[in-house]
Structures are given as C-alpha cells and as structure tokens.
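Scroll down for the structure; my scribbles are underneath it.
What follows is calculated from the coordinates using simple rules that are stated; it is not laboratory data. This is a predicted model, so every value here is computed, not measured. No Cβ is skipped: glycine too gets one built from the backbone with ideal geometry, and neighbour counts run over all protein chains shown.
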Amino acid sequence: MFITLEGIEGAGKGSVIADLALALRGSGQDVLLTREPGGCPLGEALRAQLLDMRNTGIAAEAELFLYLADRAQHVREIIVPALQAGRLVLCDRYSDSTLAYQGYGRGRDPDFLRSLDNFASGGLKPDLTLLLDLPAETGLARARARNELENKVESEGRFEAEALAFHCRVREGFLTLARREPERFAVIDAGRPLAEVLAEARALVAQRLSQRA
Ligand code: TYD
C-alpha cells in the first residue's frame, strides 16, 4: 500500500506522517517512511539545490525536471522495491506536489505536467493521498515561525519566500486535484488543533487498510 501526504507549507505534514508511522508500526505494519524531494541519495543532492535560497536563478523548466528526476530515481530505487516486498510506503509529497506547485502555482498546464510526471513515476499512483488543507496565510505563518525556531531561514526557505498569491494558487490546485479524484484523496482540515488532525489521519488510514484486508 502506497500512501502520500500533501499540503502547502506549514500544513503539518511532518507531524502527521511521523505520527502515522508510529501508529502503523505499533499495529505491526512494516512501514517505509520517505519523502520527496530527497528520498534517495541522488534526491538528497537535488533537494539541496532545490531548496537553497541562493539558487534564485533556477529556471521554472529546470526546477520541474529536477523534481521529476528526484521522483524517477526515488520510485525505482526505493518505493517500488519496498512495495514489492509488501511494505507500506508513507511518502511526504509526491506527484500532486508537482502538479500543485509547478503546475497551478507557476501557471503551467497541469495536463502537460501530468504526462511528464507519468513518465517520471512510471505511472505509479498512490492508493491513498491525505491532503492537509488550510489557508495559505495560516500555513505560511506557521512555516516562518518554524524556520526561525530551527534557524533554517537560509537553507529551507526558497518556496516559503514566494508571494502569498503563489501559495494560494498551490492550495487551490491541491483542492482541484482532490475534487478530480475523490476516491484517492481524503481532505483533512489542518487548521484545527494538531491532536484532532492526527486522530483523523489515523482513522482514515485505518479505514483504508481495513477495506483492503
Ligand atoms: P518539503 O520538504 O515537504 O517542505 P515543507 O516541509 O516546507 O512543506 O518540500 C520541499 C519543497 O518542495 C516544498 O516547498 C514543496 C516543493 N515541491 C515542489 O515544488 N514540487 C514537487 O514535486 C515536490 C515533491 C516538492
């Protein structure tokens, strides 16, 4: 089973995915926790470039192919072998992030991006995608507070420095994707207290696992 988490900056994906891994491992599941970009050694190198604040000159087209290169390697080196071994794969961001950020955010045709992404991912689709949804203003405020706390302003802030309008388009893009595929997506209101968000995410995954059993 392949589960992905999506959402804008500051939606709380990190907390939710860590909690899900804990709960699933506690119930005896063999979980592989991974992320994009950066889920394999090549991806780590690409991630460092993609998130570096100093790389202001990366062309939008180059950015797209760097994310797709990360995915192409990650799918083949990490995700597919884990799924073939019967493991449950939990991935922090995947194809929907490319469609939302490089497509809706940057104003590129999502259908064109979908076909490129399909090539990069070898057509591998998640069984379940949890979309943590909240207003872009709230997410950005949370992400900035976290960056300051962790002193990451220099290295992790390239997207967080984008204008609010960009993040509003990304959020709307994610919601559009969720409406297109309601059977794959579950939208969680991430503006609520963390405990409620975690409980809902756990319940949604447990429900999907029981349907598959
Ligand atoms: P992530 O580490 O999840 O950042 P955060 O914890 O701040 O949400 O993701 C890194 C950034 O990469 C994030 O700003 C979204 C962006 N991204 C894309 O633009 N396209 C993609 O295909 C992926 C996977 C991520």
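Each Lys and Arg contributes +1 and each Asp and Glu -1, all at the Cβ; summed about the Cα centre of the chain, the dipole is approximately 360 debye. Where Lys and Arg each count +1 and Asp and Glu each count -1, what net charge lies around S95 among other residues with Cβ under 10 Å from its Cβ? With Lys, Arg at +1 and Asp, Glu at -1, the net is 0. Estimated at 0.36 nm per residue, the fully extended path between R146 and D52 surpasses their Cα-Cα distance by 32.2 nm. Taking only the alpha carbons of segment 1-42, we obtain Rg and Dmax values of 11.4, 32 Å in that order. For the chain, the longest piece that avoids every one of the GluC sites (Glu not before Pro) found in DSSP loops with at most 12 other C-beta atoms within 10 Å covers 1-153. Evaluated over the Cα positions of the chain, the convex hull gives a direction-averaged projected area, one quarter of its surface, of 11.1 nm².
For segment 103-213, the relative contact order is 37 percent, taking Cα pairs closer than 8 Å that sit 6 or more residues apart in sequence and dividing their mean separation by the residue count. Among S115, N147, G105, which residue has its Cα positioned farthest towards the positive end of the charge dipole of segment 73-213, with +1 placed on the Cβ of Lys and Arg, -1 on the Cβ of Asp and Glu, and the dipole taken about the Cα centre? Comparing the listed Cα positions along the dipole, S115 ranks first.
Using the Karplus relation 6.51 cos²θ - 1.76 cosθ + 1.60 with θ = phi - 60°, the per-residue 3J(HN,Hα) values for segment 5-10 come to 10, 9, x, 6, 4, x Hz, with x marking Gly and Pro.
Between amide H atoms placed 1.01 Å from N, distances below 5 Å from A190 occur with D133, L134, all of them 5 or more places distant or on a separate chain.
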